[in-house]
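**Student:** Here it is, the structure, as structure tokens.
The numbers here are math on the coordinates, done by the rules we state, and not lab data. Note that the structure is predicted; figures quoted are calculated from it, not measured. Quick reminder, even Gly has a Cβ in these numbers, built from the backbone with ideal geometry, and neighbours come from all protein chains shown.
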């Protein structure tokens, strides 16, 4: 009988970090320049939600990460409801600091995750939609 090996942990590479960063910062920048759209919103919201859910699954020890990401997600939920109702997609001046804090925390936290966990979390979230 062979021993059961633990799953291989493939660390997140700089390239994947860059992709997540672009999926968060470029839509945020578009919002600040009045070029925000439902597509940009979707990219930003998905990236933040995937990182948050993956951190929760990993039981992260990063102080306040989940709370900061939850605050950003709650703000993005308000943005979505407003956008769905008015067809005007924007992150207001008052909402921007909370969203930016969430983006920055998500970017910092990606390094403690692994590729398989991010992929599994993204698949699970897409199945729930």
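**Student:** Which value at 222 nm does the chain reach when only helices count, each DSSP H run of 4 or more adding -39,500 (n - 2.57), with the total divided by all residues and rounded to the nearest 500 deg cm²/dmol?
**Tutor:** Computed ellipticity for the chain at 222 nm equals -23500 deg cm²/dmol.
**Student:** Still on this structure, please answer the following. Read through the labelled values (1) 37, 29, 27; (2) 62, 28, 25; (3) 46, 46, 22 and report the label of the one computed as Cα extents along the principal axes in Å from the structure.
**Tutor:** Of the labelled values, this structure produces (2).
**Student:** Points 7 angstrom from Cα along the Cβ direction at residue 21 and residue 104: gap in nanometres?
**Tutor:** 1.5 nm
**Student:** Using a 7 Å offset from Cα along Cα-Cβ at residue 60, what residues in segment 12-27 end up with backbone N under 17 Å from the label point?
**Tutor:** 12-14, 16-25
**Student:** Of all the Cα-Cα pairs you can form in segment 3-68, what percent are over 20 Å apart?
**Tutor:** On the way: 947 of 2145 pairs.
Tail of the P(r) past 20 Å holds 44 percent of the pairs.
**Student:** Taking 35 Å as R0, compute the FRET efficiency from the Cβ-Cβ separation of residue 123 and residue 84 and round it to 0.05.
**Tutor:** Using R0 = 35 Å, I get an efficiency of 0.90.
**Student:** Which whole-percent values make up P(r) of segment 60-129 when all C-alpha to C-alpha distances are grouped in 5 Å steps starting at zero?
**Tutor:** 3, 15, 18, 22, 20, 13, 6, 2
**Student:** Continuing with the same structure: Take 103, 62 and order them by how many other Cβ atoms sit within 10 Å, fewest up front. Write out the running numbers ahead of the final one.
**Tutor:** Values: 103 24, 62 13.
With the fewest neighbours first, 103, 62 line up as 62, 103.
**Student:** Moving to a separate point now. Can you give me the Cα centroid spacing of segment 62-108 and segment 31-56 in angstrom?
**Tutor:** 8 Å
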